[in-house]
Amino acid sequence: TKWATSLVGIGITPRFKRITNKSRKQLILDLWHDFVKKCDADCVLNYYGLQTLVVRSWLSAGEVFVRRRARFEDEGLPVPLQLQVIEADMVPLMDSDDWPGLPKGNKIRSGIELDKRGRRIAYWLYKEHPGDKSMGIVNPDDLVRVAASDIAHIFEPMRPGQLRGVPILAP
């Protein structure tokens, strides 16, 4: 808890370098404060609570994922976007060169889809937590493909080409 609190501090807050119009700056700040309250896709934490959760998850598991969830404008959110923190267990440690829905030439390594050049294209996530039911072999119906552009993968690479995180206390 102390590590998370020390790392997050007061949290990431907006700063303005080029906006000089005070009314426009205030409008953006008001929108930010409204977003902070409603940004959690699970409707539990605010933005600053999510930051602390991300750091705690990263410290304990060595990695964590944050998914951007687009929302409809009629859902009453200040910004049609929410954030979902996803624990490492939700991305299977599976490898495949031939998987239903996998574009030709791409491959899956540790649950991360890579193109021919090794770029992250997508992440394959369980629809439900794998601990919620008896799991054996990964079934294609259990997974959903999420574009890499909608995922922030938080981990500290310790070697070149490393795809997944390692818990800080693993060694």
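The values are calculated or read from the model by the stated rules, or taken from the named source; none is laboratory data. Small disclaimer: the values here were computed from a predicted structure and weren't measured. We place every Cβ from the backbone using ideal geometry, glycine too, and count neighbours over all the protein chains shown. Accessible surface areas use protein heavy atoms only, side chains included; no ligands, DNA or RNA. Shrake-Rupley method; radii C 1.70, N 1.55, O 1.52, S 1.80 Å.
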Next item on the list: Give me the percent of Cα-Cα pairs in the chain that sit more than 23 Å apart, rounded to a whole number.
Entry: 51
Notebook entry, point to check: Looking only at Ser110, Ser60, Ser23, which one moves most when the chain is put into a Gaussian network model with springs between Cα atoms under 10 Å?
Noted result: Ser23
Next item on the list: Give, as a single signed number, the net charge of other residues whose beta carbon lies under 14 Å from the beta carbon of Leu29, with Lys and Arg counted +1 and Asp and Glu -1.
Entry: +3
Check: Tell me which aspartates and glutamates have Cα within less than 17 Å of Lys25's Cα, excluding those fewer than 8 residues away on the same chain?
Finding: Asp34
Note to self: Using the Kirkwood formula on the Cα atoms of segment 50-130, what hydrodynamic radius do you get, in angstrom to one decimal?
What the structure shows: 14.5
Check: Can you tell which of Gly118, Gly11, Gly49 shows the greatest fluctuation in a Gaussian network model of the chain with Cα springs below 10 Å?
Finding: Gly118
Check: Between their Cα atoms, which of Lys37/Lys107; Lys2/Lys127; Lys2/Lys133; Lys104/Lys127 are more than 27 Å away from each other?
Finding: Lys37/Lys107; Lys2/Lys127; Lys2/Lys133
Note to self: Can you give me the long-range amide H partners of Met94? Hydrogens built in the peptide plane at 1.01 Å from N, cutoff under 5 Å, separation of 5 or more residues or another chain.
What the structure shows: Ser110, Gly111
Next item on the list: Go ahead and set up a Gaussian network model of the chain, Cα springs under 10 Å, then flag whichever of Pro14, Pro103, Pro78 fluctuates most.
Entry: Pro14
Next item on the list: Find the relative contact order for the chain and round it to a whole percent, using C-alpha pairs within less than 8 Å whose residues are 6+ positions apart.
Entry: 20
Check: At what distance in angstrom do the alpha carbon centres of segment 136-171 and segment 29-101 lie from each other?
Finding: 15
Margin query: I want the local charge near Ser60. Using Cβ-Cβ distances under 14 Å, sum +1 for each Lys or Arg and -1 for each Asp or Glu among the other residues.
Written below: -2
Margin query: For segment 105-164, what are Rg and Dmax over the alpha carbons, in angstrom?
Written below: 12.8, 36
Notebook entry, point to check: Relative to the Cα centre, what is the charge dipole magnitude of the chain, using +1 at the beta carbon of each Lys and Arg, -1 at the beta carbon of each Asp and Glu, and rounding to the nearest 20 debye?
Noted result: 1040
Notebook entry, point to check: Just how much of Lys127 is accessible, in Å², when a 1.4 Å probe is used and the result is rounded to the nearest 10?
Noted result: 130
